[in-house]
Amino acid sequence: MAGKLDDFLNFNQNALNLRAQRQQLLASNIANADTPNYKARDINFAATLQSKLKQTQSSSVPATPSVDLARTSPMHIAGKPMPATGQSDNQAQYRTVDQPSADGNTVDMDVERVQYADNGLHYEADVTATSGQIKGLLSVIQGQ
């Protein structure tokens, strides 16, 4: 039963996490609009969600990659690699430039504002859909 419940809510969980990550990227782009040589980044939402869903289906527990840290001097302390944070910045791509700026910044505030508002609206819609699914499950469980 728990497995079916997880599968039922898996899509919305992945979509909300990805929307939150995208919102942070867009906010970072807006915050760095005046930073010289800053390159705007964004996520291809559909492709990234598709890959996350495939990863979740192929393995229920994500594997933590084991990487040994390089010690270039015998005076260095042997360390352990940091655990994965769950954010996949490798999915973030640089946005193509419509109009280049003199300082090398690729942030277009009009595009960023529209994308930020659109992503926020989709996030709220996903929260509403998830809430509706949970309410539906509760009504079935309670027999109302």
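The values are calculated or read from the model by the stated rules, or taken from the named source; none is laboratory data. Values in this document were obtained by computation on a predicted structure and should not be read as measured data. Every residue, glycine as well, gets a Cβ built from its backbone with ideal geometry; the counts of neighbours run over all protein chains shown. Heads up: the accessible areas ignore ligands, DNA and RNA and are worked out on the full protein's heavy atoms, side chains in. Shrake-Rupley method; radii C 1.70, N 1.55, O 1.52, S 1.80 Å.
Summary table
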| quantity | calculated |
| --- | --- |
| Some residue of region 60-82 being on the phi < 0 side of the Ramachandran plot, modelled with pLDDT of 85 or more and either aromatic (Phe, Trp, Tyr) or in a loop (DSSP other than H, G, I, E, B) (or both) | no |
| Residue ID - modelled with the highest pLDDT, chosen from residues in region 10-53 that are open to solvent by 50 Å² or more (accessible area, probe 1.4 Å) and over 26 Å from THR96 (Cβ atoms) | GLN13 |
| Subset of region 10-44 (residues that are of a type in the set (Gly, Ala, Ser) and under 19 Å from VAL114 (Cα atoms)) | ALA20, ALA27, SER28, ALA31, ALA33, ALA40 |
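Listed here are the residues, each with its yes/no results for (1) assigned to a helix (DSSP H, G or I); (2) of a type in the set (A, V, I, L, M, F, W, C); (3) modelled with pLDDT of 95 or more; (4) touching a Cys at 6+ places or on another chain (Cβ under 9 Å).
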site: PRO100; (1), (2), (3), (4): no, no, no, no
site: ASN105; (1), (2), (3), (4): no, no, no, no
site: ARG113; (1), (2), (3), (4): yes, no, yes, no
site: ALA117; (1), (2), (3), (4): yes, yes, yes, no
site: ALA129; (1), (2), (3), (4): yes, yes, no, no
site: SER139; (1), (2), (3), (4): yes, no, no, no
